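The values are calculated or read from the model by the stated rules, or taken from the named source; none is laboratory data. Model, not experiment: these values are computed from the prediction. Neighbour counts are summed over all protein chains in view; Cβ atoms, including those assigned to glycine, are modelled from backbone coordinates with ideal geometry. Note: areas computed on protein heavy atoms with side chains; ligands, DNA, RNA excluded. Shrake-Rupley method; radii C 1.70, N 1.55, O 1.52, S 1.80 Å.
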Amino acid sequence: MSEHTHQPESGRARELPMARSMCWHCQSEMTGEYFCGRCVKVQPLSKELDYFTCLNLPRKLNLDEQALEETFYALSRSFHPDYYATKDEGEKAISLGNTALLNTAYRTLKDPVQRAEYLIRLEAGSAKDIRNSPPADLFDEILELQEDLDEFRSLSAGESDERRQELLEKLQADRRTLEARKAQMEDRLREQFSRWDALPTEAEGEATVRSQKDAVLAGMQEILSNRTYVKNIVNDLVAATSPTAEPGRSAWH
Amino acid sequence: MALIVGIDLGTTNSLVAYMAGDGPQVISGTRGQAKVPSIVGLTDNGLLVGDPAKEYLVRDPSRTIYSVKRFMGKAIADVAEELKYFPYALQEKGGVIRIQVGEKTYSPPQISAMILKELKLRAEAHLGEEITKAVITVPAYFNDSQRQATKDAGLIAGLEVLRIINEPTAASLAYGLQQNTQGCVAVYDLGGGTFDISILKLKDGIFEVLATNGNTHLGGDDFDRRLVDEVIRDIDTRHGVKVEDSPELMQMVRLEAEKTKIRLSDEPQALMVFSLPDGKGTYERTWSRDEFEALVLDLVEHTMTPCRRALSDAGLETGQIDEVVLVGGSTRMPVIRSRVQELFGKTPHCDLNPDEVVALGAAVQAGILAGENKDMLLLDVTPLSLGIETMGNVVSILIRRNTTIPTSAKEMFTTYVDGQTGVDIHVLQGERELVKDNRSLARFQLKLPPLPAAVPRVEVTFLIDANGILNVTASDIRTGESQSVQVKPSYGLTDDEVETMIRESFQFAAEDIKARQVIEARTEADAIIMATEKALQRGTDLIPAEEIESIHHAIEALRVAKAQEDHRQIRAGIADMEKVTHHLAEVLMDATLKEALESKKLSEVTD
Ligand SMILES: [Zn+2]
């Protein structure tokens, strides 16, 4: 019914975090960073602003988490609607929009997986979706697991208890295997993070750097899509085998 | 800058507070009580709110509305299980419950507005200026419809609601202001009708909510009901009286159960004693705390699951919580305190009055909004995931629960058929996969230009503002034009209805304290006249004729006083009545006691 468009614009970070170079209110040349130097009104953040620039961080994957939090808190103090309750409608609307963008930026960069997915979308020339694909070497095992899971779900408690118990134990073992596998993938992802951060900054026309970057991004993309696939199966297994677990999905990515 | 008050609009009690020079302060009423029972009596004399309405409850239950917060943003089907506990008739119109009182019906926001108006009057009397702006608290786990209903209530009461703020976070502001706490804090908030758990990180004046969870249908009321159910059974067995058949008796039992529960928080045993109507004797029973706790054990356990989920969403273990804070009158129950302590492995804080701390926090937030406090800032979250319906009756999530607000998500819509001019969009809130298991918030039709299929591109922005309320806007990507979106709430009043209700609210004339006092006195006069006439019927043969004569005179005098606009005259008439009927009351009491004793002897004989 609908098509997702959460992808940011591709390309490099903008130099200017502001939407325009003139104050929306007094039309004077913007001198301050977020507030007009003349009339002190808050200025709207550009919609094209990427999250790294927004939070004043280099486009790296191993982040200084404390710096991230400090910047987030400081910008919240600049933009939050609670500090604009007595201001005019224009300023209120900018405060709301800026805070919504800031919150999304912070949430995305705080979580390593979301951060990596975001970077891939940001860097990949055309916005590519990260698909969920099963790791090639696990293909047969996962097929068998799905069959077991279907059978387990079809058996209600009380009937064929023996077979049910047998399947339950098997599925629980599968779950442990997959969880270990997921942890492995996260380790590999961290290796890619370090590789990415070690790459030289891309200068114009340096085709080799670009191709190195693309290689790292492609590697991460594969790990991420495998990881999402495995994570979803683990969630299914948890939901089916432990009835006390929270229904629905986890709040975390 | 006009003063902004902070209001705790509770299920059982409501309070109003403001930022005084030396910190937040709750405002007490003429009777010296800070708490206003959230009860509204729609009497023939006019409107009663708070304590006088609570007194009126056992007299005319069908015209006395309590616990209306349980109905905010709800349809009848949502409250079906608890209907038997309410003495008033409910209807539904446009997905909104309507409470029938006599010929008229009232929506829950209208009833809440009556309570808000009382608090507004109280604040105006105390502060000596008109109050038009307020911060109102809601349970953190309130959904969009319930928040919107609260905002509507403010509007109807003539208050601009500058911010809807979550109760546990409000409490954390009050505590934070007092103690300058840093680190991770769990706020366990069990009120009269709702339960919330919020996990916050406090750092340098920033109050960042990491996760929240709860149950908007679990509170002190439910603990009372366990006791009520026991008493109903007990009265039937021992006295052969069906409590359900008498709304008055039902309310009596409910209030006695509440009192007993409260006493059991301080004492290991509590005696429950009250007389049954129509000379059916006296119900008497001693309850032990152990007995009570056994009745409510599963309710206490019900609060543990949200606690674990909130911790897991916050990515924390119990050991990482530095402080635990208890909020809400229901946390006075020792069984709650010990269970919370057991879960978190920490002695919970309850230094601030759990009844007042939420209102105090709302006042702190009012101070922040007024620009008087630049040190503190609250970063709250949306409690429930927000999504839209997609193919196969499945919800596609746009904003996950526990996302810091304000936040927005954009979604692009296009067409599948040439010339298609619209797309129906259904917005939902909840954590489940299927549409039917989530809360429907609203529906709207997005207009699209009639073009070949897949050519139109309209971007819809779903924005949850700092109140936790959804705002929808749309813009045509091709033309850059924005489009207004008419969102029809699934469980809410329309703008027109709210307008009408604002106008109607002025019909309740009692705009000042004096008029309020007249209504209260008149209602009391009615009650005493009715009781006296009933007593006269029973006691005609028991007292001398001249005494009967003087009682009749007193009744007439009180009727005359009642017609005047002076509440002191009415009070004087009531006092006279009490004087002249004193002897009659004694005589009747003796007679009843004798009867009771005789019937007891009789029962001893027959046993
Ligand atoms: Zn300017």
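Here are some notes:
- Contact with the other protein chains removes 30 Å² or more of accessible area, compared with the isolated chain and a 1.4 Å probe, from these residues of the stretch B:159-174: B:R163.
- Residues of the stretch B:479-496 falling in the label zone of B:L451, defined by backbone nitrogen less than 12 Å from a point 7 Å along Cα to beta-carbon, are B:479-481.
- Peptides B:544-550, B:350-356, A:60-66 ordered by packing proxy, namely the average of other Cβ atoms within 10 Å per residue, highest first: B:350-356, A:60-66, B:544-550.
- Grouping the Cα pair distances of the stretch B:130-271 into 10 Å bins from zero gives a pair-distance distribution of 10, 26, 27, 23, 10, 3, 0 percent in increasing distance order.
- Residues in the stretch B:122-154 reached by a label modelled at B:A2 [backbone nitrogen below 11 Å; 7 Å Cα→Cβ]: B:130-134
- Estimated translational diffusion coefficient (Stokes-Einstein, Kirkwood radius over Cα pairs, 25 °C, 0.890 mPa s) of the stretch B:3-140: 156 µm² per second.
- With 30 Å² as the minimum drop in accessible area between chain alone and full protein complex (1.4 Å probe), the qualifying residues in the stretch B:374-401 are B:K374, B:L377, B:L379, B:I397, B:R400, B:R401.
- log₁₀ of I(q)/I(0) at q = 0.11 Å⁻¹ - the protein assembly as shown, Debye sum with one point per alpha carbon: -1.41
- Rounded to two decimals, the Cα-based Rg/Rh of the stretch B:513-606, with Kirkwood Rh, is 1.14.
- Interface residues, the stretch B:352-369 - accessible area loss of 40 Å² or more versus chain alone, probe 1.4 Å: B:L369
- At the listed q of 0.12, 0.13, 0.15 Å⁻¹, the Debye profile of the stretch B:384-491, built from one uniform point per Cα, gives log10 I(q)/I(0) equal to -0.41, -0.48, -0.64.
- Sites A:E162 and A:I142, calculated FRET efficiency, Cβ-Cβ separation with R0 22 Å, nearest 0.05: 0.30
- For the peptides B:69-77, B:554-562, residues were scored by their other Cβ atoms within 10 Å and the scores averaged per peptide; the highest-first order is B:69-77, B:554-562.
- Interchain or long-range residues, amide H under 5 Å from A:K41's placed H: A:C36
- Å² per residue, accessible surface of the stretch B:284-392 at 1.4 Å: 37
- Nearest-0.05 FRET efficiency for A:E169 and A:K110, computed from C-beta distance (R0 35 Å): 0.40
- Rg over Rh for the stretch A:131-241 works out to 1.20, both radii taken from alpha-carbon positions and Rh defined as the Kirkwood radius.
- Counting, for every residue in A:96-103, the Cβ atoms of other protein chains within 10 Å of its Cβ and taking the mean gives 6.
- Span from the the stretch B:385-452 Cα centroid across to the the stretch B:118-154 one, whole angstrom: 31
- Each label point was placed 7 Å from the Cα along the Cα-to-Cβ direction; for B:R308 and B:T494 their separation is 4.6 nm.
- Buried solvent-accessible surface, both chains (A, B), 1.4 Å probe, Å² to nearest 100: 3900
- Local net charge near A:E70, Cβ-Cβ under 10 Å (Lys/Arg +1, Asp/Glu -1): -3
- Fully extending the segment from B:E433 to B:R559, taken as 0.36 nm per residue of separation minus the present Cα-Cα distance, adds 39.0 nm.
- For the protein assembly as shown, calculated [θ]222 nm from helices alone, where every DSSP H run of n ≥ 4 adds -39500 (n - 2.57): -15000 deg cm²/dmol
- Rounded percent of accessible protein surface that carbon and sulfur make up, the stretch A:131-241, 1.4 Å probe: 47
- Cα-only Debye scattering, the stretch A:164-215: base-10 log of I(q)/I(0) at q = 0.17 Å⁻¹: -0.65
- Note on the stretch B:220-300: Rg/Rh from C-alpha atoms, Kirkwood Rh, equals 0.95.
- Cβ-derived FRET efficiency at R0 35 Å, A:E29 paired with B:D204, nearest 0.05: 0.55
- Note on B:D266 and B:D418: the extension gain reaches 47.5 nm, defined as 0.36 nm multiplied by sequence separation minus the Cα-Cα distance.
- Inter-label distance for B:S275 and A:S154, nm, one decimal - labels placed 7 Å from Cα along Cα-to-Cβ: 7.1
- For chain B, average projected area of the Cα convex hull in nm²: 31.9
- Put simply, when A:231-241, B:52-62 are sorted by average Cβ atoms within 10 angstrom per residue, most first, you get B:52-62, A:231-241.
- For the residues of A:82-89, the average number of beta carbons from a partner chain within 10 Å of their own beta carbon is 5.
- Simple spin-label estimate for B:Q341 and B:L542 in nanometres, 7 Å along Cα-Cβ: 5.1
- Carbon + sulfur, % of accessible area of chain B - ligands and nucleic acids excluded, 1.4 Å: 50
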